[in-house]
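Trainee: Below is one structure. I have some questions about it.
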Amino acid sequence: SWRSVLAGRDGRTRIFGPPDRASEVLEELLALYWRGLTRPLPFAPESSLEYAARIHKTGDAVQAQGGAAGKWSTSPFQFGEGDDPWRRICYRRTSPLGDKAFAPTALLVCKPLLECEEA
């Protein structure tokens, strides 16, 4: 068996074990990639990861949506993903969080990582 180690810029290290259904996940991600070549996907890395992490931890979609909105929006203490100039152009000053495909996309991309992350 193998493990992947990710050393982050914040000094944190994350360890991931092998995914249970790697070929299925890869197939789903490739389908998403091809869709993304034709139109912007409702995906923002930090907001989507926050959504998926809260779903993974609590299963509460309302709480997960609120956490994602917190990452997307600017607060006095953090710069939000929605204020990135490229994202404003991409999403035409709207939020991908309002798109009905946001939650499934966030889970498709982030949930497999969360499921195989070792404590």
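The values are calculated or read from the model by the stated rules, or taken from the named source; none is laboratory data. Quantities reported herein were computed from a predicted structural model and do not represent experimental measurements. Here the Cβ is made from the backbone with ideal geometry for all residues, glycine too, and neighbour counts use every protein chain on show. Ligands, DNA and RNA are stripped out before the accessible areas are found, and what is left, the full protein with its side chains, is counted by its heavy atoms. Shrake-Rupley method; radii C 1.70, N 1.55, O 1.52, S 1.80 Å.
Trainee: Taking residue 48 as the residue in question, decide whether it is of a type in the set (S, T, N, Q) and surrounded by 18 or more Cβ atoms within 10 Å (Cβ to Cβ). If you could, list the steps in order and put the result at the bottom.
Mentor: On the way: of a type in the set (S, T, N, Q): yes; surrounded by 18 or more Cβ atoms within 10 Å (Cβ to Cβ): yes.
For residue 48, the condition - of a type in the set (S, T, N, Q) and surrounded by 18 or more Cβ atoms within 10 Å (Cβ to Cβ) - is met.
Trainee: For residue 88, indicate whether it is among the basic types (Lys, Arg), open to solvent by 70 Å² or more (accessible area, probe 1.4 Å), closer than 23 Å to residue 39 by Cβ and assigned to a helix (DSSP H, G or I). So that I can check it myself, show each step before the final result.
Mentor: Working: among the basic types (Lys, Arg): yes; open to solvent by 70 Å² or more (accessible area, probe 1.4 Å): yes; closer than 23 Å to residue 39 by Cβ: yes; assigned to a helix (DSSP H, G or I): yes.
Yes.
Trainee: Separate question: Which residues, taken from region 12-29, are in a helix (DSSP H, G or I) and either among the β-branched types (Val, Ile, Thr) or exposed (fewer than 10 other Cβ atoms within 10 Å of the Cβ) (or both)? Please lay out each step first, then the result.
Mentor: Taking region 12-29 first, the residues in a helix (DSSP H, G or I) are 22-29.
23, 25, listed by residue number.
Trainee: How many residues does region 102-119 hold that are touching a residue at least 60 places away in the same chain (Cβ under 8 Å), surrounded by 14 or more Cβ atoms within 10 Å (Cβ to Cβ) and of a type outside the set (S, T, N, Q)? Talk me through it step by step, then tell me what you get.
Mentor: Step one: list which residues in region 102-119 are touching a residue at least 60 places away in the same chain (Cβ under 8 Å), which gives 102, 105-106, 108-110, 112-118.
From what's left, surrounded by 14 or more Cβ atoms within 10 Å (Cβ to Cβ): 102, 105-106, 108-110, 112-117.
With of a type outside the set (S, T, N, Q) added as a condition, the list becomes 102, 106, 108-110, 112-117.
Residues flagged as touching a residue at least 60 places away in the same chain (Cβ under 8 Å), surrounded by 14 or more Cβ atoms within 10 Å (Cβ to Cβ) and of a type outside the set (S, T, N, Q) within region 102-119 amount to 11.
Trainee: Shifting gears a bit: Does residue 41 fit the bill of being at pLDDT 90 or above, surrounded by fewer than 16 Cβ atoms within 10 Å (Cβ to Cβ) and either within 18 Å of the chain's Cα centre (by Cα) or not in a helix (DSSP H, G or I) (or both)?
Mentor: Numbers: at pLDDT 90 or above: yes; surrounded by fewer than 16 Cβ atoms within 10 Å (Cβ to Cβ): no; either within 18 Å of the chain's Cα centre (by Cα) or not in a helix (DSSP H, G or I) (or both): yes.
No: the conditions fail for residue 41.
Trainee: May I pose another question? Which of (1) within 16 Å of residue 36 (Cα to Cα); (2) at pLDDT 95 or above is the odd one out, the single condition residue 63 does not satisfy?
Mentor: With respect to (1) within 16 Å of residue 36 (Cα to Cα); (2) at pLDDT 95 or above, residue 63 is out only on (1).
Trainee: Let me ask something else. It is to be established whether one or more residues within region 4-11 are touching a helix residue (DSSP H, G or I) at 6+ places or on another chain (Cβ under 9 Å), of a type in the set (Lys, Arg), open to solvent by 100 Å² or more (accessible area, probe 1.4 Å) and farther than 16 Å from residue 105 by Cβ.
Mentor: Checking region 4-11: not a single residue is touching a helix residue (DSSP H, G or I) at 6+ places or on another chain (Cβ under 9 Å), of a type in the set (Lys, Arg), open to solvent by 100 Å² or more (accessible area, probe 1.4 Å) and farther than 16 Å from residue 105 by Cβ.
Trainee: Moving on. Are there any pairs with C-beta distances below 8 angstrom linking a residue in region 61-88 that is farther than 17 Å from residue 101 by Cβ and without any contact (Cβ under 8 Å) to a residue 24 or more places away in the chain to a residue that is among the β-branched types (Val, Ile, Thr) and open to solvent by 60 Å² or more (accessible area, probe 1.4 Å), with the two at least 6 apart or on different chains, and if so which?
Mentor: If the second residue must be among the β-branched types (Val, Ile, Thr) and open to solvent by 60 Å² or more (accessible area, probe 1.4 Å), the pairs left are 80/74; 83/74.
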